[in-house]
Structure formats: C-alpha cells, structure tokens
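Visitor: Can you read through this structure? Questions will come right after.
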Amino acid sequence: MTNVRSWQFWVIIALALATMACAGRRERREEAREAKRERAEQKRAEREGRAAERPAAAPTAPTVAPAATLVPISTAPTAAAAAADSKMVFMRATNFGGAIAASVFDVTEPGEPKYIGTVGPSTKLSYALKPGLYTFMAVGDTAEFMQAAIVGGRTYYALVIPRSGAKRFTVEPVRRDELGGTEFAGWDRGTRIASSAARSQAYDAADAADKRSRYWTQWSKKSEAQRAELTLNAEDGR
C-alpha cells in the first residue's frame, strides 16, 4: 500500500498535475491559433463577398496621384529612368484553388503582354520596375486587370485572389494603411518567393493576347469608382 505521507508519493502527484497543466496549456494555445486562423479566413471571405456585392455606383475612391508627377513608361524621361527602382509584389496568400496557378503579365505597353511569372498557392512574385503608370493582368480562364501609379524607391503589393467556380483570378491592390496590420504580416510571412521556374514557365502568348483584348473591353466598361478600387495609388507604396 502506498504511504500517502511519503514525500515520494507527493512528488509523483505534483509531477502528474504539472504534466496535465502543461498539456492543457498546449491544447488551449492550439485552439487559440486555430480560432485565429478561422477568424482570418472568415474576414477574408467576408471582404471578398462585400467586394462582389458592391454596387456599380460605389462611393468615390481615393484619388490617384496627380498625373503631373507620373508619365507613361514609354515616354518616361531619362531622369525618371535613373531614379531608384521600385518593386511590385504579387502575393497569393491562400491555398484556395489548389494547384491551379495564375499567370501575371505587364500589359502597360501595346503589343505582346510581358510575362512576369506564375503565382501558385502561398507564393509571391517580385517585379522590379521604374516610376510610371502601369497596367497588370492576371490570367486564368479569364483575364482581370489592375492599374498602378508607381513612384521611385517604393515597394507596392497586390493580392492575386482565386475565385470559386472557375479557374479565375482577380488582382487587387493592398493599400498603405493595410501594410502595418497583422493581416498583411500574415500574408507576407505565409508566402514564399516563387522559384525561378515560375518565372520561366511556358505560357500561351496567343491566349494571353486574346484574353487581354477580350477582357479589356469589360474593364473599360467599369465605372470610374470601380476602376479606382482596382488601382494602386502612388501613396500606397512603402
């Protein structure tokens, strides 16, 4: 029979209680982390739902930086070209959509779309560029566009977001006031730089050109406010 007055007995009891307490704390931490992830996914889904339900006559969005300080790339003066390069980072911060990848293009200039790379789940592409006005395109079964007013020496961010029901992606600006938040920190930390293979992956140039032509017509029909929502402003960089 165990002697309850023995000090060894009480040491065993104390160790058992400590082990149970540690296990309980680990479980609570895991539950808290899982709840946090679920809240983040719910918040992202709600934001996407609001964007889809937003009426065409949306409130006036922030004004794009004055055109006097920005010029189209093809006519940018030597001084602007010599300024510190900026970066455009395309982030796909979710595994939603599985292995289906989105091809990202620079379609600022006329002619064949300029291939930037392919962004898969939880990856990001970094694209060096000079100051000016840009138009980018994300291609799946359709093509979606985003415009950007870039100034020198800054890094800009955009989300490449898969949509349910089709191999379709949208590309949306990340605003300056989001860059310091915990949600953005999670996107940045949870995405890895796409491999060099993702930048040299074969793509159908004729298909990209065709989708650019067809879906640009739809972009052109958007209201000024809708286009502003899909435009990175100069002040959105950091």
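Visitor: Is it true that some residue in segment 99-111 is crowded, with 22+ Cβ neighbours inside 10 Å and of a type in the set (S, T, Y)?
Guide: Yes, the conditions are met somewhere in segment 99-111.
Visitor: Do the conditions hold for E178, that is, is it assigned by TED's automatic domain parsing to the domain that holds F105, under 21 Å from K222 (Cα atoms) and either modelled with pLDDT of 90 or more or of a type in the set (K, R) (or both)? First the steps, then the outcome.
Guide: Working: assigned by TED's automatic domain parsing to the domain that holds F105: yes; under 21 Å from K222 (Cα atoms): no; either modelled with pLDDT of 90 or more or of a type in the set (K, R) (or both): yes.
In short, no.
Visitor: If I ask for residues that are under 20 Å from A148 (Cβ atoms) and either touching a Gly at 6+ places or on another chain (Cβ under 8 Å) or aliphatic (A, V, I, L, M) (or both), which ones from segment 170-192 would you list?
Guide: Scanning segment 170-192 gives V171, V174, R176, L179.
Visitor: If I ask for residues that are closer than 13 Å to K87 by Cβ and touching a Phe, Trp or Tyr at 6+ places or on another chain (Cβ under 6 Å), which ones from segment 151-173 would you list? Give the steps one after another, and end with the answer.
Guide: Restricting attention to segment 151-173, the residues satisfying the condition of being closer than 13 Å to K87 by Cβ are 151-158.
Once the filter is applied, which keeps residues that are closer than 13 Å to K87 by Cβ and touching a Phe, Trp or Tyr at 6+ places or on another chain (Cβ under 6 Å), segment 151-173 yields only A158.
Visitor: What are the pairs, 6+ residues apart or on separate chains, where a residue within segment 171-185 that is in contact (Cβ under 8 Å) with a residue 12 or more places away in the chain has its Cβ under 6 Å from a residue that is surrounded by 14 or more Cβ atoms within 10 Å (Cβ to Cβ) and not in a strand (DSSP E or B)?
Guide: From segment 171-185, the pairs are R175/D236; R176/E235; R176/D236; F184/E178.
Visitor: Scanning segment 138-175 for residues that are surrounded by fewer than 22 Cβ atoms within 10 Å (Cβ to Cβ), closer than 22 Å to D188 by Cα and among the hydroxyl-bearing types (S, T, Y), which turns out nearest to the chain's Cα centre (by Cα)?
Guide: Per the criteria, the residue is T170.
The values are calculated or read from the model by the stated rules, or taken from the named source; none is laboratory data. Predicted model, so just to flag it, every value in this text is computed and none were measured. Here Cβ is always computed from backbone atoms with ideal geometry, including for glycine, and neighbour counts include all displayed protein chains.
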